[in-house]
Each structure stands twice: as C-alpha cells, then as structure tokens.
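The values are calculated or read from the model by the stated rules, or taken from the named source; none is laboratory data. The model shown is predicted, which means the values in this text are computed figures rather than measured ones. Here the Cβ positions follow ideal geometry from the backbone for every residue, glycine too, while neighbour counts run over all protein chains shown. Areas reflect the complete protein model, heavy atoms only, side chains present, ligands, DNA and RNA absent. Shrake-Rupley method; radii C 1.70, N 1.55, O 1.52, S 1.80 Å.
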Amino acid sequence: MDIRCTSSRRSQVVVMPRNSDVSLILVGTRKGAFIYTSKDGRRTWKVSGPHFRGKEIYHLAYDKRNKILLASVSEPQWGPSISRSFDLGKTWKLSNPPKFPKNDREESVKRVWHIKPSVESEPDVLYCGVEPATLFRSNDKGENWEINTSMFEDKTRPKWQAGGGGLCLHTILIRDDDPNDLHVAISSVGTLNSKDGGENWKFQNKNVRADSTPDNYPEYGQCVHKLARNSQRPGVIFQQNHWGVYRSDDDGENWKDIRNNLPSKFGFPIAVDANDPKRAYVVPLEGDFSRVSPDGNFFVWATDNSGKEWFPLHRGLPKPAYFTILRDAMTADQEDPCGLYVGTTTGHLYASRNSGGSWSRLSDTLPPILSVSVSST
C-alpha cells in the first residue's frame, strides 16, 4: 500500500536519506506490529502488517549497526518475549526472553516496555526495560539477556510503587560519548543514573514534584513519563512528568520546571529535534481525569529555546480531536529537517517532514497505538 505524505517546507529543504537508505516507521499496537518504509525521502510510504497478529507489541527498535529489527511481544498465554528479524519483518526469530532469577518476592517479567541498542563502540550490546522495573542487557545482539543485578537488588526496591501503567522501566538513555553513563526512567519511581555501566545507581529527582506523596519532593517516587535528549548537548535532558515538564542542564543532577505557557502540565511523550538541541516537542493532555487533548485541541507543542516558551504545531491535524497519546507513541527522526511521528490510542498515525510545520495522516484504521519508533536502514 502506498501512502502519500505531502508537507509544506516552510523555507526548509527536505534532505533525502543518505546512501539510498530506507526510512522506517515502526508502529507497535495492541493487535500487532506495522512497518512503514519510504525510499523517496519520506514522501510516500508502504506499510506491511500486522506482524504478530493479535498480540500486544509494546515496542519495536531497529539496530542499525547490525541491521536487526527487534520487537517486544506480549501474549496472555506465553507471556513476554523479544523477537528479531534480519529481513525487515519478512521472518522472525524468537530470542531467549529476559527472565528474573528465583527470588523471595516471586517476581517475574510481565512485559518488555522498551528496547534500546547501545552506541557504535558497543556493536553487540542492547538494553531492554521491563515490568516490574528492571534493566536487562544483551551482549550478543539480543539473543540472550542478563539482568542488572544492582538495580534488581536495590535496597529501596521493596518500597517502589507502580504508576497507572504498572511499575515499568520505559526509557533508556545512553550517552554517545560515554556508554557507561546510563539514564533510566521508571514510573512511578523517577530517574536513575549510573556512571559505571549499571554497576551502581543513584536517584536523580531533585526539584521534581511528586504530588501523590506526603513529601512533594522525595528522593524517589516521582512519576516520570519520558526522557529525551539531543546528542549535540548530552548533558541536557528533557523530561515529561505526571506533574510537569522539566529540563536538566547537568546530566540529570538538577531539574527545572519548564511548563511555562503549555496548556497542561500533564502528558506522556517528549521528543527532541536532532538538528537543534534547544528544540523539543510535547503533546499536552488533560490530567488524571480524562487524559485527552485539552479542549479537543490536538496540538504538538514545540520550544525553540529549551522550554522558556512553547508554541503549537497543528497545521493538518484534526480539530476538534479528543486523542490520547501514550509515552512511546511520539518520536522524531534524525533527518534535516526533522521528521515527527505521532500515534493515538484510536489508531491514527500522523507524520511531519518539516519539524511539525505541517502534518499528514498516514492511517486512521490501526489498532490502538502503543509505540512509534523510527530509523533508517
């Protein structure tokens, strides 16, 4: 199926993918996975799927270093697993799933929330975050997974509380210039950082609110929804939280609320522009009571000055629209200008080739969308 995506360039030049790369949009839904491919600079798209028909796909990731597509697959009978494809989804091979060791708490992996390839200097290394919140690492391109013992045995772990979506480790950040510097986000625990590749961890939640706790600024217990950063300024991290939007300028040590003129402090996803380290994107939602677009205004909001001020991007988006967008359902690509991609729980998928200047609908008939990720081959 060909899907045409047109856009206004707003005085920007759309750059074709380098070396005839194929652009990928990887969509995980409650009823399978869908793979969109473009060979003409993101102008038109072909879609295949559903892969894993009828199964929940919480996340897909493409390991560009090894040309491997990975999928987090959940099914009621057999539980969570990770499958790999070496031919862009034509065939799939089941990996050895991440498993907890026997433990007194009788914990077991409920689902895999996020898969993250490491950096170029670690070509065989991948990470995944699971529920209940723990980090796993693979040293063999995703064939086998080892638990991060330090996090699993953390002395505070018995006091960790689940957010509305479960006790999930849903974000993994790895510094390009130092793969031992890891950040993870856990709902509803907060942000943790390791400087030694996961041997030791510390909480990084200073100045981040947790309105559900007696102490509004505890050491941990914050409901962080998503983290993002631009590799050009790796010490700057953006955060969408249950109770605000934040920025850290010192690699997570301190946080500043940058909600400012946004219509809501609540939302799930946050993304950054690969070409502008001061530009970030959020999708505000009404808070706990409904979690849909405020007043029916389905806007992607952007900042060009690191959150001092925000402005809406909505040309081509429907209005009114009472959508819900989950934490992994918005992402940005690495092209110039930046491409943005947003999926909703009603199965709508939108794309922009010009940093959100205008939008096109790629689909309105998918199952509820859990995640959207992008890459090029």
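For the chain, with only Lys/Arg (+1) and Asp/Glu (-1) charged at the beta-carbon, what is the dipole magnitude about the Cα centre, in debye rounded to 20?
The dipole magnitude comes to about 1180 debye.
Starting from 0.36 nm per residue, how many nanometres of slack lie between V119 and K39 once their C-alpha separation is accounted for?
That pair, V119 and K39, stretches by 26.3 nm at full extension.
Please compute the Kirkwood hydrodynamic radius of the stretch 271-377 from all pairs of different C-alpha atoms, in Å with one decimal.
One over the average 1/r among Cα pairs gives 13.9 Å for the stretch 271-377.
Calculate how large, on average over all directions, the projected area of the Cα convex hull of the stretch 208-321 is; give the answer in nm² to one decimal.
7.2
Exceeding 18 Å between C-alpha atoms, which entries from my cross-link table qualify? They are K141/K195; K64/K141; K116/K256; K278/K308.
K141/K195; K116/K256
Which of the lysines could be linked to K110 by a straight reach, that is with a Cα gap under 21 Å, when you skip same-chain ones fewer than 8 residues away?
Cross-link targets: K31, K55, K93, K99, K102, K159, K226.
Specify the inter-centroid distance of the stretch 257-300 and the stretch 199-214, based on alpha-carbon positions, in whole Å.
21
In deg cm²/dmol, rounded to 500, what helix-only [θ] at 222 nm does the chain give when every DSSP H run of at least 4 residues adds -39500 (n - 2.57) and the total is split over its residues?
0 deg cm²/dmol
Among F152, N261, A162, whose Cα projects farthest towards the positive end of the dipole of the chain, with charges put on the beta-carbon of Lys, Arg (+1) and Asp, Glu (-1)?
Farthest towards the positive end: N261.
Sketch the reach of a paramagnetic label on D295 as a point 7 Å from Cα along Cα-to-Cβ, and name the residues of the stretch 259-279 whose backbone nitrogen lies under 15 Å away.
Within reach of a label on D295, which here means backbone N under 15 Å from a point 7 Å along Cα→Cβ, the stretch 259-279 contributes 261-265.
With every protein chain left in place, what is the accessible area per residue of the chain in square angstrom, probe 1.4 Å?
Dividing the accessible area of the chain by its residue count gives 41 Å².
When the accessible area of the chain is computed with all protein chains present and a 1.4 Å probe, what percentage of it is carbon and sulfur?
With neighbouring chains kept in place, the figure for the chain is 46 percent.
Using the per-residue mean of other Cβ atoms lying within 10 Å as a proxy for protection, in what order, highest first, do the peptides 356-362, 224-230, 151-157, 185-191 fall?
185-191, 224-230, 356-362, 151-157
Given the convex hull of the Cα atoms of the stretch 208-258, what is a quarter of its surface area in nm²?
3.2
With the alpha-carbon atoms as the only input, what is the per residue convex hull volume for the stretch 249-293 in Å³?
100
Going by average Cβ neighbours within 10 Å, how do the peptides 291-297, 52-58 rank, with the highest at the top?
Descending mean neighbour count gives 52-58, 291-297.
Set the Förster distance to 56 Å, then compute FRET efficiency between K67 and F311 from the Cβ-Cβ distance, nearest 0.05.
According to the calculation, E is roughly 0.90.
Can you order the peptides 205-215, 64-74, 236-246 by their average number of other Cβ atoms within 10 Å per residue, highest first?
236-246, 64-74, 205-215
Please compute the volume of the convex hull spanned by the alpha-carbon atoms of the chain and report it per residue in Å³.
Hull volume over Cα atoms, normalised by residue count, gives 129 Å³.
To the nearest 0.05, how large is the calculated FRET efficiency for T149 and D176 if R₀ is 35 Å and r is the Cβ-Cβ distance?
The calculated FRET efficiency here is 0.85.
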